[in-house]
Amino acid sequence: MLGYKGTSGDFSYDLSVTLARNKLSLSMYNSANFSYGPATQTSFDFGDLIQKEVNFNADFTYAADLGLAAPLTISAGGEFRKETYEQTAGNAQSYAAGPYAIAQQLYTQTAPGVYVDSGTTAAQGVGASGYAGTSPATAGKFDQKAYAAYVGLETDLTEALTVGAAGRYEHYNTFGDAWVGKVNALYKFVEGFSVRGSFGTGFHAPSPGQSNVSIVTTSFNNGNAFQAGTYPVNSAPAQYYGAEPLTPEKSTNYGLGVILEPVRGLTVTVDGYQIDLRNRIGLTSPFIVNAIAIAAQPALQAVGLDGQVQYFTNGFKTRTRGIDVVGTYRTKLSEAELNFSLAYNYNKTKVTDYDSRVINFPILIDAENLAPKHRIVFNANWSLDNLSFNVRENYYSSFTAAQDYGVTNILTNGIVTGATPNQVFGGKFVTDLEVSYVFAEHFTLSIGAQNFTDEHPDRLAANGTVQIYPLTGGTSDGQVYPRGGGPFGFNGGFYYTRLRVKY
């Protein structure tokens, strides 16, 4: 990231450019593409997944004296953003169908060297077992460009009343135009007690990765292996099961709160909010591939009979209501600055509408219950001259996750019925630590840890149709922890050293 900012009287500016690139190279060994029979490889390169982002920002502010209780702050700016998602092709056997992908006659051995026709045939799965590589047909580079401009106004109409308004226009080369806006106000009743409120709209465009991701993996259901594919919405397998182009998510947001300053150095805020989200994007429930589907759409041979197909879709609407309580206290300990904060959040999401053709009960359960209802964050920061130390204690309350993402949707019967087993995962405390030192004015060296004590979510437990295998302690497809990892993931502690340069 590079930037330059400055001021000239009542005018200020901030110019910046950000470049980012992430690359994930996928490979596997000790596997096989059984459709090639004895000629199969045992090691595979599946291709690369690459994400690149370029952002240019220009922000300007001007304080205009109009004779009000405070100058009118006029803010304006623009942004250009280009996001690129790329999948490169893997080697041929990682994705291709060999000669044994076509059903072969099976024989039964009746004596040494003697085989008789069994009367049955069988075909082998396509692609490497465990994960299928990217084919040239699905490989490619997909980008999205966006231009944005905004303007904002804020001032004190009186000594007690602050008001503000902002509007933003965005144009995407993939989805067209969008307008969003926000109005806010704050009224100070007496010293140390204020009320504030806001109303706004939001917009989130689907990323090129969501629209173009193509991944096929081997999964298991009750010990039986099958191929599960996540396909781009414009691909033949996804469109066979009703996929449509993704559209942006849109939201309407409301907030109302109070600000308290009971003693010097202490600030307490209490805010309630509601977020109505439309066209929410998520993965569909699995569609099960049958022989009729393969005959009608040969591209489905990549997952095969009894395989599963999913794609991203604008599948449901949600309403989230919550409350934030935040207290901050600033003081000194000898010559050192000492800051404390304690934040509590209650959050509840309700699915208000959904497309029953593509959204199943496990997805609904996770949408409403995967995020903990309660979260508490305590933060303490000590700093003296160039040295600082920060500790953060996070508490996540219990949450519920669906355990069965298996056979739920078939194209011919569509609407989801029945139930799914769930599991309640207990609350956890997670500790983050960081110590930083500034040297030579422009350099900051930090050493820290996220999840210092290496906490993990509760392990999956046998429940309903879910079986836990003693040998692995997980399900038939290797899962040990809840799908998605819960609120802080299942990778445990993350320990780092960071050098920051700022001019």
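The values are calculated or read from the model by the stated rules, or taken from the named source; none is laboratory data. Nothing here was measured: the structure is a model prediction, and the numbers come from that model. Reconstructed Cβ throughout: ideal geometry from the backbone, glycine too, with neighbour counts over all protein chains shown. Heavy atoms of the whole protein, side chains included, go into the accessibility calculation; ligands, DNA and RNA do not. Shrake-Rupley method; radii C 1.70, N 1.55, O 1.52, S 1.80 Å.
For Ser31, are the conditions met, namely being hydroxyl-bearing (Ser, Thr, Tyr), part of a loop (DSSP other than H, G, I, E, B) and open to solvent by less than 40 Å² (accessible area, probe 1.4 Å)?
So Ser31 fits the description; yes.
Only strands (runs of 3 or more DSSP E) wholly contained in the range 34-125 count here; list those with 3 or more residues that are touching a strand residue (DSSP E or B) at 6+ places or on another chain (Cβ under 6 Å) and of a type in the set (Gly, Ala, Ser).
The qualifying strands (runs of 3 or more DSSP E) are 43-64, 72-87.
Please state which one of Asp306, Asp353, Asp324 is under 30 Å from Glu244 (Cβ atoms) and part of a strand (DSSP E or B).
So the residue among Asp306, Asp353, Asp324 that is under 30 Å from Glu244 (Cβ atoms) and part of a strand (DSSP E or B) is Asp353.
Name the residue, out of Ala238, Ala243, Ala225, that is touching a strand residue (DSSP E or B) at 6+ places or on another chain (Cβ under 8 Å), part of a strand (DSSP E or B) and not acidic (Asp, Glu).
Ala225
Does the range 155-174 contain at least one residue that is in a strand (DSSP E or B), buried (at least 16 other Cβ atoms within 10 Å of the Cβ) and in contact with a Leu (Cβ under 6 Å, 6 or more places away or on another chain)?
Yes, the range 155-174 contains a residue that is in a strand (DSSP E or B), buried (at least 16 other Cβ atoms within 10 Å of the Cβ) and in contact with a Leu (Cβ under 6 Å, 6 or more places away or on another chain).
Which of the residues that make up the range 356-376 are open to solvent by 40 Å² or more (accessible area, probe 1.4 Å) and either more than 20 Å from Phe425 (Cβ to Cβ) or assigned to a strand (DSSP E or B) (or both)?
Hits for the range 356-376 are Arg357, His374, Arg375, Ile376.
Give the number of residues within the range 209-230 that are over 13 Å from Gly133 (Cα atoms) and either open to solvent by 40 Å² or more (accessible area, probe 1.4 Å) or at pLDDT 90 or above (or both).
7
I'm checking my understanding of the structure. Among residues of the range 251-289 that are outside any strand (DSSP E or B) and surrounded by fewer than 16 Cβ atoms within 10 Å (Cβ to Cβ), which one is modelled with the highest pLDDT?
Among those that are outside any strand (DSSP E or B) and surrounded by fewer than 16 Cβ atoms within 10 Å (Cβ to Cβ), it is Glu261.
Among the numbered criteria (1) within 30 Å of Ser235 (Cα to Cα); (2) open to solvent by 30 Å² or more (accessible area, probe 1.4 Å); (3) in contact (Cβ under 8 Å) with a residue 24 or more places away in the chain; (4) not polar (S, T, N, Q), which one does Asp177 miss?
(3)
Consider only pairs whose beta carbons are under 6 Å apart and that are at least six residues apart or on different chains; among these, list those whose first residue lies in the range 4-19 and is touching a residue at least 24 places away in the same chain (Cβ under 8 Å) and whose second residue is acidic (Asp, Glu) and in a strand (DSSP E or B).
If the second residue must be acidic (Asp, Glu) and in a strand (DSSP E or B), the pairs left are Asp14/Asp59.
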